[in-house]
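The numbers here are math on the coordinates, done by the rules we state, and not lab data. Just so it is clear, the structure is predicted and the values come from calculations on it, not from any experiment. Here Cβ is always computed from backbone atoms with ideal geometry, including for glycine, and neighbour counts include all displayed protein chains.
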Amino acid sequence: MKTDKWNISLIAMTIIISLSISSYVLINPELSAMQLNSLYQLAAKFFESAFQYGSLLLVAFLLMFALSKKGAITIKLTAKDEYPFFTWIMMLFAAGMGASIMFWSPIEWAYYLNEPPFGLENFSREHFAFARTYSNFHWGLTGWAIFCLPALAFAISLNKKPDSKLTFSGIFFHQTHSNLLRLFGWLLDLIFILSIISGAGIAIGLSFPLIAQIFSSVLSIEATPWFEGAILLLCLAIFTTSVALGLNKGIKRLSQVNIFLIVNLLLFVLFFGPTQQIFHYSLESLGILVTYFIRMSTYTGDSFVQNWTVFYWAWWMALAPFVGAFIVNISNGKTLRQLIFGTIFMGAIGCMLHFMILGNYSFILYENNILDIPQLIDDGQSNQAIIQILETLPGGNLPLILYGIVMIIFLCTTYDSCVYVLASSSMKSMSHSPDVFIRIIFALILVIQPALFLVVDGLEVTKNILLLCSIPLLGIFLAMMIYSVKHASADE
């Protein structure tokens with residue numbers, strides 16, 4: 001263990017930020033929730049156009065960059081493995097999505113019934129169609145483009161400066177001797193860490209109550225806070241072990257296992273559910289998405305956009321620093337074109353398949369008066385809605401057990417990736433691989449704050465923090481676009 005290679009200030013910053021956020025929320029949960037919600041509403045309205053138009057501009061920028069001569073540049077990383085294309089896709093998808101997609105994919109359309117976009121008549125056929133389509137929009141090309149930009153900037157930076165830190169300051173201020181620029185770099189890294197810490201909480205806010213209720217239903221026991229704590233400790237043991245094993249033995253193997261399980265789960269729902277109707281609604285949603293993509297990307301001045309689209313772009317943006325850093329870590333030997341197209345299109349396809357199969361299946365249950373999912377959502381029973389959806393499938397408890405296992409592994413791969421990025425970022429140089437001790441330290445640090453969120457409304461609190469943390473990223477993302485164009489040389 002050689003601590004002289006550690007970036008001590010960054011490690012200390014991580015601990016301080018994690019404890020500060022947790023303390024702020026727990027000292028007065030009701031007051032902090034009210035304050036954060038008020039700030040969210042103000043920020044969503046003020047930055048609505050920046051998120052919408054900026055995200056659309058980013059999609060266009062990345063596609064043009066990939067098709068240019070610069071797209072042929074090969075990523076060259078020191079002491080990093082090269083992964084086959086399919087393994088690479090599995091790892092980036094598992095890291096980017098996590099268990100949150102398992103929460104949203106069966107029920108997100110039902111949340112949109114309370115706020116019809118474009119002034120549509122409530123509960124009309126068009127309203128239902130757009131409710132199903134908006135899930136594919138929010139989890140599609142734009143979101144994965146947001147994930148891709150930091151990966152692109154990191155890749156270009158590491159090609160130029162192989163020993164630079166995997167943080168924002170590593171991109172813009174590598175080995176600067178100016179005290180002022182060092183201070184500015186420290187602030188950029190603070191934003192980097194804030195994004196990762198705030199993003200880490202949302203998986204817990206969404207996942208642990210659902211995982212606990214799934215297994216409490218299977219085991220016929222009550223989902224008490226103690227039971228949720230046991231689930232937390234189980235996942236901590238799994239992903240701490242995986243992190244200690246490292247990228248090849250840990251994250252790679254978990255990703256492969258989970259992609260196998262999720263493919264089988266989706267195929268199970270598709271072929272044992274109303275297959276023809278699922279295909280029909282999927283094609284209808286894709287048609288609407290293609291037709292209205294630009295309009296959906298420029299739609300502003302509406303509470304639906306502020307409460308949902310702005311939230312999603314902010315969520316993707318807040319998570320993007322760690323997901324982008326992880327993606328570049330596993331992209332040695334790939335071209336920038338492969339990085340962009342693989343991340344945007346393969347990531348979007350993977351997400352949309354979840355919503356087209358699980359989301360359309362649950363909508364068909366509602367449409368046929370089998371299960372009133374919107375009412376369960378209105379009653380605050382989102383987790384029960386998901387469990388009851390799964391209970392309509394054949395096989396007894398098998399779908400529930402498989403769903404719970406997939407969620408646990410997804411959660412673990414997300415935290416594995418997050419820990420690996422933080423540990424890599426805590427090294428003074430990219431050429432130094434983080435040792436086991438520092439990886440385990442970050443695994444423990446990251447679980448403290450989310451564990452505390454189990455006693456408050458983790459989803460709403462984290463949603464608000466995510467937006468606030470993402471606002472400075474608007475400027476940083478613009479700077480990364482300029483940096484990528486300026487410093488990517490087609491001669492490399």
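In table form, for the structure just shown:
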quantity	calculated
The chain: calculated mean residue ellipticity at 222 nm from DSSP helix runs of at least 4, using -39500 (n - 2.57)	-24500 deg cm²/dmol
For V25, V328, V436, order by how many other beta-carbon atoms lie within 10 Å, fewest first	V436, V25, V328
At 1.002 mPa s and 20 °C, Stokes D of the range 124-230 from Kirkwood alpha-carbon radius, µm² per second	119
Two-site FRET efficiency, S23 against A72, from Cβ-Cβ distance with R₀ of 51 Å, rounded to 0.05	0.55
Cross-link pairs beyond the 18 Å C-alpha cut-off, checked among K69/K165; K70/K486; K165/K463; K160/K334; K69/K486; K69/K334	K69/K165; K165/K463
Length gained when the stretch L42-F260 is fully extended (0.36 nm per residue, less Cα-Cα span)	74.2 nm
Semi-axes of the equivalent ellipsoid for the range 1-136, Cα gyration tensor, largest first, Å	35, 29, 18
Under 5 Å, built H, 5+ apart or other chain: amide partners of T335	I75
Dimensions (Å) - the range 3-487, Cα atoms, principal axes, largest first	67, 48, 47
Cα Rg, Dmax (largest Cα-Cα span) when computed across the range 105-168, Å	19.1, 57
Potential extension, I16-I401 segment - 0.36 nm per residue separation minus Cα distance	134.8 nm
At R0 = 25 Å, FRET efficiency that the Cβ-Cβ distance of V485 and T298 yields, to 0.05	0.60
Spin-label model distance (nm) - L478 vs I221, 7 Å beyond Cα toward Cβ	5.4
Gap separating the Cα centres of the range 127-154 and the range 267-289, nearest whole Å	19
Assigned charges on the beta-carbon of Lys, Arg, Asp, Glu; the range 3-487 dipole about Cα centre (debye)	2240
Two-site FRET efficiency, Q381 against F86, from Cβ-Cβ distance with R₀ of 35 Å, rounded to 0.05	0.35
Cα Rg, Dmax, the range 57-146, angstrom units	18.4, 57
The range 305-372: mean projected area of Cα convex hull, nm²	6.4
Computed Kirkwood radius, in angstrom, where 1/r is averaged over Cα pairs of the range 280-428	18.7
At least 24 Å along the helix axis (C-alpha) and Kyte average at least 1.0, DSSP helices within the chain	8-27, 48-67, 141-160, 179-219, 225-245, 252-272, 310-329, 398-425, 436-452, 458-487
Residue order, fewest to most beta carbons within 10 Å, for I373, I445	I445, I373
Residues W104, W313, W186 arranged by fewest to most Cβ contacts within 10 Å	W186, W104, W313
Residue-span extension gain [L57 to A33] - 0.36 nm each, minus C-alpha spacing	5.4 nm
Charge-dipole axis of the chain as Lys and Arg at +1 and Asp and Glu at -1 on Cβ define it, positive-most pick from L158, Y292, N368	L158
